[in-house]
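This report concerns only the one structure given below.
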Amino acid sequence: MGALRRHHCLIAAFVLAGLLLVQAEARGVTSAYRRRLEAAEDMPLDADVFAVPPGHNAPQQVHVTLGDQAGTAMTVSWVTVDEVGNSTVMYGRAMGRLDMAAEGTHTRYKYHNYTSGFIHHCTLTSLEHGTKYYYAMGFGHTVRTFWFTTPPKPGPDVPFRMGLIGDLGQTSDSNSTLTHYEATGGDAVLFMGDLSYADKHPLHDNNRWDTWGRFSERSVAYQPWIWVTGNHEVDYAPELGETTPFKPFSHRYPTPHRSSGSPEPYWYSVKLASAHIIILSSYSAFGKYTPQYKWLEAELKRVNRSETPWLIVASHSPWYNSYNFHYMEGEPMRVQFEQWAVDARVDLVFAGHVHAYERSHRVSNIKYNITDGRCKPVRDRRAPVYMTIGDGGNIEGLADSMTEPQPSYSAFREASFGHAVLDIKNRTHAYYAWYRNADGVKVDADTVWFTNRYYMPNHDDSR
Ligand SMILES: [Fe+2]
């Protein structure tokens, strides 16, 4: 009798231990590590990071992005303010030998009581992959010279370091994020939207687009930033007589959308080394039969995982978000596209918008239909990992309120400013690290080895 009771006790203990283990596996981490919660103001207009370059009509706000899908073209943009100047870029493989020339165009726009400078765009074509080019503009007045390195030719085992920044703005926190990123050093930036936050100023003061352009030049002039559009790019303000969505952004920041067959600059794809990156627009229509929906449907069929094993999706509003800020705003797009993302074995989905950091387990929530009531995210090795990286450090401050308890899909979350780097090693492995601004520049605060969903579809890389 006594032995039987002991036996039952042992079984009960094993069951309990098993339950605890299951619970321990399901529980995510809510990091309490945070420094300062109050929002910082935008840096003052006379801050050194906003300094206008010296010289008559000197080109300012210089930035580059891909000029085609895979980087054998690069588009250089800049602004002149004293007079039109010209839109010529001279470029070459050595500082003293800029032996090629490209002719661009210029534009300008009015926004309420603001008139922009002359915004120049010039696309350099027929470039070699993985090559450093020096380039200069401002001929006839003040010449400034920069350089960039074109992305390597796409291929399955081509390594690449991709910076991940979102919701940057122009506060001292934004400056810290950019400084940290310069130290961790990617080859390009995937920017998750919400650039300048000019619309937080009276009359959407577009001078704050100019200051942001001068602030970010120290990185964006030297490596391509891939742009996702956020809600602060919409700039729809009928009370100011401004009813053209994305007006400042679309005049200032071109994207290579045509090279991936997209009719609009806000959704498109690029190939960087071994990654195929799909940019979606949270603020353009994406319902069935819309241009974005139809484009994505066709685009997913064009992805060649033998050439680019890593399939990455970026949008501004997160599909999975356990903060109380912007809670469920990304739900309509998740409902619309999650099944496709799982079927396509998307590796990673990045978003911004929520001013904090969060990483999910590999989960899906695609079982539900109107009759079965099964609407719950479940662990799914076929599914992407979802990352919110809207922690660039803008004028609105941190999102510090989280839903409790932490939902089981959420692996790690922390209300701190920072950025991340995805270091793709080869077709099977990528090392991901998130860096918080409060730490020294080389300290990583959340790291994961991701395995590729195409080449290692059943490998469990969640933690
Ligand atoms: Fe946003």
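The values are calculated or read from the model by the stated rules, or taken from the named source; none is laboratory data. What you see is a predicted model, and the numbers here were worked out from it, not measured in a lab. All Cβ positions, glycine included, derive from the backbone under ideal geometry; neighbour counts span all protein chains shown. The accessibility values were calculated without ligands, DNA or RNA, using every heavy atom of the protein model including side chains. Shrake-Rupley method; radii C 1.70, N 1.55, O 1.52, S 1.80 Å.
Would you confirm whether any residue within the stretch 59-72 is modelled with pLDDT under 70 and open to solvent by less than 50 Å² (accessible area, probe 1.4 Å)?
No: the stretch 59-72 contains no residue that is modelled with pLDDT under 70 and open to solvent by less than 50 Å² (accessible area, probe 1.4 Å).
Anything in the stretch 305-333 that is in contact with a Phe, Trp or Tyr (Cβ under 6 Å, 6 or more places away or on another chain), open to solvent by less than 10 Å² (accessible area, probe 1.4 Å) and either modelled with pLDDT under 95 or over 25 Å from Glu396 (Cα atoms) (or both)? List them, or say none.
Result: Pro309, single match.
Sort out which residues of the stretch 107-131 are without any contact (Cβ under 8 Å) to a residue 24 or more places away in the chain and either over 14 Å from Thr72 (Cβ atoms) or among the hydrophobic types (A, V, I, L, M, F, W, C) (or both), and write them in order of number.
Lys110, Thr115
Tell me yes or no: at least one residue of the stretch 216-233 is more than 16 Å from the ligand (Cβ to nearest atom), under 14 Å from Gly193 (Cα atoms), aliphatic (A, V, I, L, M) and open to solvent by less than 10 Å² (accessible area, probe 1.4 Å).
Checked against the condition, which is being more than 16 Å from the ligand (Cβ to nearest atom), under 14 Å from Gly193 (Cα atoms), aliphatic (A, V, I, L, M) and open to solvent by less than 10 Å² (accessible area, probe 1.4 Å), the stretch 216-233 yields at least one hit.
Can you say whether Pro159 is out of contact with any Cys (no Cβ under 8 Å at 6 or more places or on another chain) and surrounded by 18 or more Cβ atoms within 10 Å (Cβ to Cβ), as far as the supplied structure shows?
When the stated conditions are applied, Pro159 does not pass them.
Restricting attention to the stretch 301-354, which residues are within 14 Å of the ligand (Cβ to nearest atom), out of contact with any strand residue (DSSP E or B) (no Cβ under 7 Å at 6 or more places or on another chain) and either over 20 Å from Thr290 (Cβ atoms) or among the aromatic types (Phe, Trp, Tyr) (or both)?
Phe325, His326, Tyr327, His353
Run Val89 past the list (1) in a loop (DSSP other than H, G, I, E, B); (2) touching a Gly at 6+ places or on another chain (Cβ under 7 Å) and report the number of the one that doesn't hold.
(1)
Does Asp194 count as within 16 Å of the ligand (Cβ to nearest atom) and out of contact with any His (no Cβ under 8 Å at 6 or more places or on another chain)?
Here the answer is no, as Asp194 does not meet what is asked.
Filtering the stretch 326-349 down to residues that are within 20 Å of Val234 (Cα to Cα) and among the hydrophobic types (A, V, I, L, M, F, W, C), which residue is farthest from the chain's Cα centre (by Cα)?
Checked the stretch 326-349; the qualifying residue farthest from the chain's Cα centre (by Cα) is Met328.
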